[in-house]
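The structure under discussion appears below in the form of structure tokens.
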Amino acid sequence: MRLWLAGLIALGLPLTAQAQDKPIQKALLADMFRDHAVLQRDRAVPVWGEAKPGETVTLSFGSARVTALTDATGHWRADLPPLPAGGPYVLTAATGTAKQTVSDVLVGDVFLCSGQSNMEWNLKDTIGAADQIATSQNNTLRMMTVQKTQAFTPQSHFATPTEWQIASPATTPNWSAVCYNFARDLQTHVNVPIGLINASWGGSKIQPWMSRGALQKLGGYEDGLAMLDAYAADQSKAAQTYGQAFMRWWQASKGPGTPWAVTPKALSGWAAAPDVSRNFEDWGVKGLSDYNGPLWYATTVRLSAAEAKQGATLSLGAIDDIDLTFVNGVAVGYTSAPPEPRHYKLAPGTLKAGDNVIVVQAVDLWAKGGMFGDAVRELRLANGTAKPLQTGWHYWQPPQNVRQPPTAPWDPTGGMITLHQAMIAPIGPYALTGALWYQGESNTGEAAKYEALMAGLMADWRQQFGPDTAFLLVQLANFGAIPTAPVESGWAGVREAQRLAALNDKRAAYAVTIDIGNPLDIHPRDKLTVGKRLSRAAQSLIYKAQLSPSGGVPIEATRANGQVTVRFARLDGALKTSSGDSAVRFELCGEGVGTCQYADARLAGDAVVLSGPSAAMATRVRYCWGDSPVCNLTDATLPVSPFEIDVK
């Protein structure tokens, strides 16, 4: 199941100027170091920036004073000595010709919050927001929000200026709710200043947040990375290459025909588009009013031989959300920014004398979709002649098996590495306690890869932020169909991948949210509970509190006397259910797909005993499996996570 969220666009936050002494020739300190920043306590803190090549930079912070010499490119770095939590301090960088001062800097614990829309989700749009915002004044809790952008090479600076904000009723409404609620709860247990860095983007897969080296190490991404490099050099040629990859996918998926190369004669079999100035969900056509997925548009334009020899620009207006556009069967453009008007350059030789067929696959990710707006749609030839394309469009709705087309590698949310290069790389080696990760909805179509991807991202970010960086993962909440029989589920597969990735990493933990989602809303509004569970995981993992970080964990499943017993560890109190000593949604499975059956399950101390016709032959146990399962096993505090485990 694909997540239809890539079109979410967050509002930009107001910017404030950094404090600095004049005269200043350039910003000596990197973007991360601005008024109200929080630096990591109890460890050496890297500070870096730029000045003239060969200059000595003197860095002052409290009683600490260190110097650094810029290299041949003007870059410098110095490490401040470890300091205990406290402040405020003033951070000053100075050379013989320039000086920069950053005021009101605290020392405490710093966390990076990242992922997709459930991490991005603003506090003001959550349950209980009014009370949480009204009581949010807190000088020791601060957040920097990284503005959303992508880059095709690793960046040392953010695309837009950054600022640290102090928690208050004026600032927190637009903060990440999960990130804020985590820190707010954590401060009731760990009394230190907390700095939060929010770098998230709705609808994003995990691959855009990983570096080139991380994907190369995993393998299987070589063609996409090469295509991404080609796009940075020549967008038109890269579009053709992606178009060829798309055609191979279509054929492998057994898509009918070749709609990108529909002939003028065959086009008469497509339905007439009522009005391309309106989203197709507003056409009043049955089957499109609530449709999310691709819709193919096509029209023709007749050219003379002289006209066809020219280059041209194809203008299509805005398209919601993603388009892949073909002219005479050749891909000429791909864009995934819904409000951006499409303007595609056509090289001489693309057009032909007679009827030219323009085909647009418009992929609607959520809400309304397709072409829209009153922008001029035309084919403008190099000599200035314009061929109108306002009318004469037809459309075709593809079958289910080809409604999840692959995204291009330069797609900001569905591609690879570009968010890391624009939004993570500029954070540099900024010292962190840990990272919070709430993502996975967009990868439910490739659950089998997700454990390796998650492990790869954690290793990747630790190379940047330090080997001891802790990771706190949010396991996917319940969303979608409620199963009434055992089913296969990409959502369940990603939950299991998240669980295993955390359990197999000594510096990782996860928060279970299977009980606080909404089957009808991919954005559950209870972000307070998510934050508190992340805080609990942090207390256990990072601060060594005597707590189970994530609730009960299955440690073995054994067979005896025609029954299977699943034993649990890391329990906070005894196992219990909402229905006496009977647990629901346990499955006994054999080898392969379609072999699972629900089992009778009863509590037995720190174990659950399963029985049923398949118990004697079962090789696996699954619990709480499906997109949005209803399950009832908990310990004294937390729900038991969905899981799969082999029977010994």
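The values are calculated or read from the model by the stated rules, or taken from the named source; none is laboratory data. Keep in mind it's a predicted model, so treat the numbers as computed, not measured. FYI the Cβ positions are ideal-geometry reconstructions off the backbone, even for glycines, and counts take in every protein chain you see. Only protein heavy atoms, including side chains, enter the accessible area calculation; ligands, DNA and RNA are left aside. Shrake-Rupley method; radii C 1.70, N 1.55, O 1.52, S 1.80 Å.
Within region 168-187, work out how many residues are surrounded by fewer than 24 Cβ atoms within 10 Å (Cβ to Cβ) and in contact (Cβ under 8 Å) with a residue 12 or more places away in the chain.
8
Residues checked against (1) under 24 Å from the mean Cα position of the chain (by Cα); (2) part of a helix (DSSP H, G or I); (3) surrounded by fewer than 18 Cβ atoms within 10 Å (Cβ to Cβ); (4) free of Cβ contacts under 8 Å to residues at least 60 places away in the same chain:
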residue	(1), (2), (3), (4)
198	yes, no, no, no
225	yes, yes, yes, no
228	yes, yes, no, no
237	no, yes, yes, yes
247	no, yes, yes, yes
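Filter region 521-540 down to residues that are open to solvent by 20 Å² or more (accessible area, probe 1.4 Å), assigned to a helix (DSSP H, G or I) and among the hydrophobic types (A, V, I, L, M, F, W, C), then give me how many there are.
Here the count works out to 1.
What single numbered condition from (1) within 26 Å of residue 185 (Cα to Cα); (2) of a type in the set (Lys, Arg); (3) touching a helix residue (DSSP H, G or I) at 6+ places or on another chain (Cβ under 9 Å) fails to hold for residue 544?
Going through the list (1) within 26 Å of residue 185 (Cα to Cα); (2) of a type in the set (Lys, Arg); (3) touching a helix residue (DSSP H, G or I) at 6+ places or on another chain (Cβ under 9 Å), residue 544 breaks only (3).
Report those strands (runs of 3 or more DSSP E) wholly inside region 582-648 carrying at least 2 residues which are of a type in the set (A, V, I, L, M, F, W, C) and open to solvent by 20 Å² or more (accessible area, probe 1.4 Å).
On the way: elements: 586-589, 600-604, 607-611, 620-623, 643-646.
Here the list reads 600-604.
Quick one: which residue in 26, 52 is modelled with pLDDT under 95 and more than 20 Å from residue 425 (Cα to Cα)? I'd like the intermediate steps shown before the answer.
Working: 52 fails: modelled with pLDDT under 95.
After ruling out the rest, the residue left standing is 26.
Just checking, which of 487, 474 is of a type in the set (A, V, I, L, M), out of contact with any strand residue (DSSP E or B) (no Cβ under 9 Å at 6 or more places or on another chain) and at pLDDT 95 or above? First the steps, then the outcome.
Working: 474 fails: out of contact with any strand residue (DSSP E or B) (no Cβ under 9 Å at 6 or more places or on another chain).
From the options 487, 474, the qualifying one is 487.
With the checklist (1) modelled with pLDDT of 95 or more; (2) within 19 Å of the chain's Cα centre (by Cα) in hand, flag the one item residue 394 doesn't pass.
(2)
For region 428-443, what are the residues that are open to solvent by 10 Å² or more (accessible area, probe 1.4 Å) and within 14 Å of the chain's Cα centre (by Cα)?
442
Hey, does region 303-326 have a residue that's open to solvent by 20 Å² or more (accessible area, probe 1.4 Å) and within 16 Å of residue 393 (Cα to Cα)? Let's see the steps before the verdict.
Step one: list which residues in region 303-326 are open to solvent by 20 Å² or more (accessible area, probe 1.4 Å), which gives 304-307, 309-310, 313, 320.
Subsequent filtering for residues that are within 16 Å of residue 393 (Cα to Cα) retains none.
Taking every residue of region 303-326 in turn, none turns out to be open to solvent by 20 Å² or more (accessible area, probe 1.4 Å) and within 16 Å of residue 393 (Cα to Cα).
Conditions tested, residue by residue: (1) closer than 30 Å to residue 78 by Cα; (2) without any contact (Cβ under 8 Å) to a residue 60 or more places away in the chain.
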position	(1), (2)
395	no, no
401	no, no
430	yes, no
438	no, no
480	no, no
486	no, no
495	no, no
504	no, yes
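State all residues of region 200-214 that are assigned to a helix (DSSP H, G or I) and either within 26 Å of residue 403 (Cα to Cα) or among the polar types (S, T, N, Q) (or both); if no residue qualifies, say none.
Listed by number, the residues that qualify are 207, 208, 209.
Just checking, which of 267, 303 is farther than 19 Å from residue 363 by Cα and in contact with a His (Cβ under 6 Å, 6 or more places away or on another chain)?
After ruling out the rest, the residue left standing is 267.
Is it the case that residue 446 is open to solvent by less than 10 Å² (accessible area, probe 1.4 Å) and either touching a strand residue (DSSP E or B) at 6+ places or on another chain (Cβ under 6 Å) or of a type outside the set (Phe, Trp, Tyr) (or both)?
no
Return only the number of the condition from (1) surrounded by fewer than 18 Cβ atoms within 10 Å (Cβ to Cβ); (2) in contact with a Ser or Thr (Cβ under 6 Å, 6 or more places away or on another chain) that residue 193 does not satisfy.
Going through the list (1) surrounded by fewer than 18 Cβ atoms within 10 Å (Cβ to Cβ); (2) in contact with a Ser or Thr (Cβ under 6 Å, 6 or more places away or on another chain), residue 193 breaks only (1).
Please go through region 350-361 and pick out each residue that is in a loop (DSSP other than H, G, I, E, B) and farther than 18 Å from residue 238 by Cβ.
351, 352, 353
Run residue 577 past the list (1) open to solvent by less than 30 Å² (accessible area, probe 1.4 Å); (2) under 30 Å from residue 187 (Cα atoms); (3) polar (S, T, N, Q) and report the number of the one that doesn't hold.
Unmet for residue 577, out of (1) open to solvent by less than 30 Å² (accessible area, probe 1.4 Å); (2) under 30 Å from residue 187 (Cα atoms); (3) polar (S, T, N, Q): (2).
Could you say which residue among 57, 66 is modelled with pLDDT of 95 or more and open to solvent by less than 20 Å² (accessible area, probe 1.4 Å)? Reasoning before the result, please.
Working: 66 fails: open to solvent by less than 20 Å² (accessible area, probe 1.4 Å).
Being modelled with pLDDT of 95 or more and open to solvent by less than 20 Å² (accessible area, probe 1.4 Å) holds for just one of 57, 66, which is 57.
Of 367, 331, 347, which residue is open to solvent by less than 10 Å² (accessible area, probe 1.4 Å) and farther than 14 Å from residue 299 by Cβ?
Of the residues listed, the single one that is open to solvent by less than 10 Å² (accessible area, probe 1.4 Å) and farther than 14 Å from residue 299 by Cβ is 331.
Report, by residue number, each residue of region 318-333 that is over 14 Å from residue 295 (Cβ atoms) and in contact with an Asp or Glu (Cβ under 8 Å, 6 or more places away or on another chain). Spell out how you get there, then give the answer.
We begin by selecting, within region 318-333, every residue over 14 Å from residue 295 (Cβ atoms); these are 318, 326-333.
Listed by number, the residues that qualify are 318, 333.
Quick check: anything in region 25-48 in contact with a Gly (Cβ under 9 Å, 6 or more places away or on another chain), on the phi > 0 side of the Ramachandran plot and open to solvent by less than 50 Å² (accessible area, probe 1.4 Å)?
no
When you go through (1) within 23 Å of residue 486 (Cα to Cα); (2) in a loop (DSSP other than H, G, I, E, B); (3) among the hydroxyl-bearing types (Ser, Thr, Tyr); (4) modelled with pLDDT of 95 or more one by one for residue 578, which number turns out not to apply?
The one condition residue 578 does not meet is (4).
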